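For reference, the structure is listed below as structure tokens.
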Amino acid sequence: MSHHKVILLLGSNIGDPKKNLEEALHKIKEGGNEILKISEFLTSEPVEFVSSNIFCNIASIIFTHLSPIQLLDFVKSIEVEMGRVNDSRASGGYTDRLIDIDIIKYDELKFTSERLEIPHQKHLFEREFSRILLKDFI
């Protein structure tokens with residue numbers, strides 16, 4: 001079984017954001033993935049929408065045996081299990097969220113589908129908080 005090196009970015013701005021991120025990382029590990037590295041927590045203002053709730057974000061490098069689409073389905077299932085009701089793709093815009101897990105890189109794969117873009121261009125090149133979190137990971 002091959003292992004793939006993946007960079008994830010997690011964010012939360014509802015409830016106890018730091019606890020939400022820790023719970024999501026625990027669920028990622030429980031799913032048979034190995035967590036290799038975790039960044040420091042970073043707080044940031046919401047991006048591309050207005051909210052008074054500050055985000056807590058973290059980056060993580062994992063090893064996974066899942067394919068990109070299997071991994072996407074897995075992290076989306078964690079979001080739903082933790083109580084996220086609105087996915088930004090489904091709702092057409094960004095809102096406050098209990099947990100958000102994005103796949104930033106998957107090995108050196110370049111992949112685009114209706115549901116997934118790898119590498120995640122916005123996080124790599126457009127969002128300041130992402131660049132800060134990912135500076136030691138890329």
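The values are calculated or read from the model by the stated rules, or taken from the named source; none is laboratory data. Since this is a predicted model, take the numbers as computed values, not measurements. Quick reminder, even Gly has a Cβ in these numbers, built from the backbone with ideal geometry, and neighbours come from all protein chains shown. Only protein heavy atoms, including side chains, enter the accessible area calculation; ligands, DNA and RNA are left aside. Shrake-Rupley method; radii C 1.70, N 1.55, O 1.52, S 1.80 Å.
Looking at 35, 103, which is the one that is at pLDDT 95 or above, assigned to a strand (DSSP E or B) and open to solvent by 20 Å² or more (accessible area, probe 1.4 Å)? Before the answer, list the steps.
Values: 103 fails: open to solvent by 20 Å² or more (accessible area, probe 1.4 Å).
On inspection, the qualifying residue turns out to be 35.
Has the range 60-81 got any residue that is at pLDDT below 85 and loosely packed, with under 15 Cβ neighbours inside 10 Å?
No; the residues of the range 60-81 include none that is at pLDDT below 85 and loosely packed, with under 15 Cβ neighbours inside 10 Å.
Just the residues that are over 13 Å from residue 75 (Cβ atoms) and open to solvent by less than 80 Å² (accessible area, probe 1.4 Å), please, taken from the range 1-15. Can you show your working first?
Going through the range 1-15, the residues over 13 Å from residue 75 (Cβ atoms) turn out to be 1-5, 12-15.
2, 4, 12, 13, 14, 15 - these are the residues of the range 1-15 that are over 13 Å from residue 75 (Cβ atoms) and open to solvent by less than 80 Å² (accessible area, probe 1.4 Å).
Just to be sure before I move on: is residue 23 within 19 Å of residue 133 (Cβ to Cβ), open to solvent by 40 Å² or more (accessible area, probe 1.4 Å) and assigned to a loop (DSSP other than H, G, I, E, B) in the structure I sent?
no
If you go through the range 42-59, how many residues are at pLDDT 95 or above and either among the acidic types (Asp, Glu) or part of a loop (DSSP other than H, G, I, E, B) (or both)?
Residues that pass the stated criteria total 0.
Please go through the range 84-100 and give me each residue that is at pLDDT below 90 and open to solvent by less than 60 Å² (accessible area, probe 1.4 Å), ordered by number.
Taking the range 84-100 and keeping what is at pLDDT below 90, we get 84-97.
Across the range 84-100, the qualifying residues are 84, 87, 88, 93, 95, 96, 97.
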